[in-house]
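Bear in mind that the values in this text are calculations on the coordinates, not laboratory data. As the structure is a prediction and not an experimental result, all values here were calculated from the model. For neighbour counting, all protein chains shown are included, and Cβ atoms are generated from backbone atoms with ideal geometry for every residue, glycine included.
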Amino acid sequence: MHRVLQIVDSMATRNVVIMNTETGTIDTCFDDSILVGDKNFSFIIIGNEYMCGIRLFGSLSCNTAGKATVGKTLLCRISKKDVFVGTKIMTQVLVNNDLYYIPQRQVDGIKIGEEFLFRYTRKDLIQVDDVIHPDLVEETE
């Protein structure tokens, strides 16, 4: 579970600051869901708790020296592959005890349990309770 600590609105997007209630980790997550669909995260309220899915937006780091977190480079360990978030295939990764998602194609050659460095430019809110970010749900007619 994550507790919403703060919502910082911009012109058309916002950053949502959430705290993992189990680990105490605080993440600032980008939220543009209101721009891309009617079923979005506009319902969240500061102080309430939700089950949140967070995507690391970035790429594998070329620097493989050491195992420490450096700046916006995280040491990740694959915990589960072939996880569907909406209609997109993702990989679950652990950073310490915190769970994040990375598109599977970005970590295709890495096996479950293996570690790698991932440089992220932002963290995206991709799921809140049963609501999935509209970009991850293909509409079928």
Based on the Cβ-Cβ distance from Lys72 to Gln6, what FRET efficiency comes out when R0 is 30 Å, to the nearest 0.05? 0.90
Distance in nm between label sites at Thr121 and Asn48, each 7 Å beyond Cα in the beta-carbon direction? 3.2
At q = 0.15, 0.20 Å⁻¹, what base-10 log of I(q)/I(0) does the Debye formula yield for the chain when every alpha carbon is treated as an equal point scatterer in vacuo? -0.75, -1.27
For region 2-136, how many pairs of lysine residues have a Cα-Cα distance under 15 Å, where the two are 8 or more positions apart or belong to different chains? 4
Karplus ³J(HN,Hα) for region 105-112 (6.51 cos²θ - 1.76 cosθ + 1.60, θ = phi - 60°; Hz, whole; x = Gly/Pro) runs 4, 6, 10, 3, x, 9, 8, 4
To the nearest Å, what is the center-to-center distance of region 78-141 and region 1-41, using C-alpha atoms only? 17
The set of residues whose placed amide H lies less than 5 Å from the amide H of Cys52, leaving out same-chain residues fewer than 5 positions away, is His2, Asp129
Residue-averaged 222 nm ellipticity for the chain, from DSSP H runs of 4+ at -39500 (n - 2.57), nearest 500: -500 deg cm²/dmol
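Work through the residues other than Tyr120 whose Cβ is under 14 Å from its Cβ and net out their charges, Lys, Arg +1 and Asp, Glu -1.
Details: positive: Arg55, Lys72, Arg119, Arg122, Lys123; negative: Asp27, Asp98, Asp124.
Combined, the nearby Lys, Arg, Asp and Glu give +2.
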